[in-house]
Amino acid sequence: MDRLLPSDPSMIGGYRLAARLGAGGMGVVYLARSPHGTWCALKSIRSEHADDPGFRARFRRETELAARLRARWTVPVLASDAEARSPWLATAYVPGPSLAEALVLNGPWPTAQLLSLGAALAEALDGVHACGLVHRDVKPANILLAADGPRLIDFGIARAVGVTALTADGSVIGSPGYLSPEQARGRTVGPPSDVFSLGCVLAHAATGRPVFGVGGAAGVLYRTVHEEPDLDAVPDALDALVRRCLAKDPDERPSVGELRDRFGRFDERVWLPEGLPALVAARAARVLELPVPQGTVTDGLSVDGWADAVTQAAEPMAGAPTSRRRVLAAGGAVLGVGVVGVGSWWRWGRSNASGTAGTGTLPRRVIGLLGDRSDAVFTAHERGAQVAVSEHNGTAGRAFDLVLRTTDDGGTAKGSAAAAARLAADPEVSLVIGSGTNATAPAAVEACARAQVAQLVTRADTNELDGVNLTTTLLMRPTRTAGPPAILRYLNRVVKPARITVVHDLTDAAESLQTVRSITVHKKLDGDATVEEVAPDRDFVAAARRIAARGDDAVLFAGAHPDRAAACARALREAGYRGPCVADEHVLGGRFLAEAEGWLIGTGYTDATADPRIKAFTAAHRARFRTAPAPWAAEAYDTVRFAVHGLTAAGDEARSVLRSELLRRPWQGITRKVSYDADSEFFEAQEDAGAFLYRVTDRTIRFVARADDIGKPTK
């Protein structure tokens, strides 16, 4: 939760607003007091949507349908007004964590609790379908956990059964990883679609991971439609039933009535796994202790006035620590707004900036830097990070001093895991920055997750990291699942090929397949694509001759071995092909640079000597180290600044709530922008803001442009 902004209204429709639960593209959700004194969640629609008469009609129809819900495990609609200047909808408030948060904090659920969860959710969907609705967004973030049972929330995209979709044909509405194959294809959906989503939820709760994996939405949607779910570790008591729920054909799925029969009655006595009842009770108690809200500045009382009232009400008894800052965990992501799935937080007042009372010194925040000290990239990271640390520590009015602590992982996966564990075990370390490679970075994820310390990965882009957003690790760049952003943008904006050949080197097929899929399945390239697969024991001569004979407009090399990429470049040149050729940074090496004159290369790092947007950083680096920044120095600088952004917001509880603060809002650095999508529960570096294009010239690579500048008119 966040306190109200001065621009927020104090009341809507007779409901006194108390705090913000979240905000998204559609509007803002507030915690509010009803005229009768009960807490509720009130969603106010943004004016740009309210100005659309068609939207008002849809909003009116859907709130009327939702108001008919009386199922035990749904959240009732208390009131709504589709004709207000900003339409709004109020529902009962559930002060508990979401299932998504519970899975992150507590792990998979035992069989008995899964059966009770399934029984309640099946009953909830039965009530939804009986009212003529299809929920269409059943997922862990939309299931709140109360002491007496779960509550299914968010009917913001529900549709009446049989009513024509209100979106264009082919659109996808819902959350990737939980929506049905027919929903993923943008087709009409009915009650069986919710059954599929329920199967995804139960399997996730049983195993602790989404059944169709994680990563970019396109990859998850593809797996939902074309591949089998990952049901390893689903208990035997649920396995067969969940498999039927996840049938690709809607007609092969069980009905909700059959599910209710199979799950049996909900058992309130055993429904929450060990550890969760205390969390649920604590959340409920904290909300009940809140004072009755007063007005915002529009009512003549400042927001800080009510903030002080809340802080005073939450002060500990005499003898306890007296820091004004309190971070109270609160659940209730309601109605599909952008609320972080792993926890939202009360933040009132400021912590004592002087740290230990009477010393006049500031508290310390320690950031660990993990990597191979013999790797030049580690040195670049360390120097970029040191510039950011010095810059922060020289800022007047800062709340803390920053300390950088480096740890050598020896360049091996085993060493990375051990070094990460050492950093994470140090209670002073608030965050770990991983500068390792695709071979070492994944090994550090488990150690950081076990210690509940946040980790930011800067350099690695292996598909093995697609799932880390469900742990404590966040990626500061896209993985290969997203495709190579800079070169795809170059092809689409500059070359505009009618036909392109993707040369797929099967030497590392598991990794490079994602790049191929991004073009052939997910259509991230505008032109037609032909794939030439080359086995590890074959050369590229025959494929190059076919490409040259066809006269294709461009060639994209999908592979990661510099020597193999060099052989492809040589074969194309000798076959007489003269069109544009592109690849990503993994092909860079001496032999490739000697063979690939003119090739375009996409990278995740900028060139500090040529990128005009980072002149100030380059100057600071030169002043400190008497040399220009090497590749990855600016990205490390950005990562430290992003960490400071979160640490400043987290205050005294830096380590325990840092990840939530980092997810709270989009952040723009000098090299990239990162953001969290609450609907898909996915954190990512924006594809075009953090990708860069280079050209091979005279056996070296020279900076061309940032991806987001490619194709823009030059001044």
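Miscellaneous remarks
- Sites Glu574 and Thr609, calculated FRET efficiency, Cβ-Cβ separation with R0 35 Å, nearest 0.05: 0.55
- Computed label-point distance, nm, for sites Arg398 and Arg373 using a 7 Å Cα→Cβ extension: 2.4 nm
- Shape call, region 577-715: gyration tensor on alpha carbons, a/c limit 1.5: prolate
- For Thr530, distant residues with modelled amide H under 5 Å away: Ile500, Thr501, Val502
- In units of the rule-of-thumb radius 2.2 N^0.38 Å, region 11-270 shows an alpha carbon radius of gyration of 1.00.
- Within region 536-644, the percentage of alpha carbon pairs spaced more than 22 angstrom apart rounds to 46%.
- If the chain linking Asp563 and Val521 were pulled fully straight, counting 0.36 nm for each residue of separation and taking away their Cα-Cα distance, it would gain 12.3 nm.
- Overall, region 20-97 carries a charge dipole of about 260 debye about its Cα centre when +1 sits on the Cβ of Lys and Arg and -1 on the Cβ of Asp and Glu, all other atoms neutral.
- Neighbour net charge for Arg383 - beta-carbon separation under 14 angstrom, K R +1, D E -1: -1
- For Leu4, the residues 5 or more places off, or on other chains, whose built amide H falls under 5 Å of its own are Arg20.
- Cα shape, region 370-495, gyration tensor, a/c 1.5 rule: oblate
- Inter-probe distance in nm under a simple model that places probes 7 Å from Cα toward Cβ, at Ser675 and Asp148: 4.0 nm
- In a simple Cβ point-charge model (Lys, Arg +1; Asp, Glu -1; nothing else charged), region 11-270 has a dipole of about 760 debye relative to its Cα centre.
- Full extension of the chain between Val494 and Ser47 yields a length gain of 157.2 nm, computed as 0.36 nm times the residue separation minus the alpha carbon distance.
- Amide N proximity, region 484-510 versus Arg538 label position 7 Å along Cα-to-Cβ, cut-off under 20 Å: 500-510
- 12 Å beta-carbon shell around Gly410, net charge (K/R +1, D/E -1): -2
- Amide H within-cut-off set for Leu588, under 5 Å, with H built and near neighbours excluded: none
- Long-range Cα-Cα pairs in region 1-108 (distance over 19 Å), rounded percent: 49 percent
- Sorted peptide list for 609-618, 72-81, criterion being average Cβ within 10 angstrom, highest first: 72-81, 609-618
- Extension gain for Glu258-Ala594 works out to 114.4 nm (0.36 nm per residue, less the C-alpha to C-alpha distance).
- Remark: the Cα gyration tensor places region 583-623 in the prolate category, a/c being 1.5 or greater and a/b exceeding b/c.
- 14 Å reach of a label modelled at Glu268, 7 Å along Cα-to-Cβ, counting backbone N of region 83-101: none
- Among the listed pairs Lys673/Lys712; Lys139/Lys414; Lys139/Lys673, those with a Cα-Cα distance over 24 Å are Lys139/Lys414; Lys139/Lys673.
- Here the spin labels are modelled as points 7 Å beyond Cα on the Cα-Cβ line, and at Thr111 and Ala240 they lie 1.3 nm apart.
- Nearest-0.05 FRET efficiency for Glu227 and Ala418, computed from C-beta distance (R0 45 Å): 0.85
No lab work stands behind these numbers, since they all come straight from the coordinates. Because the structure is a prediction, the values reported are computed rather than measured. Positions of Cβ are generated from backbone atoms using ideal geometry, with glycine treated the same way; all protein chains shown enter the neighbour counts.
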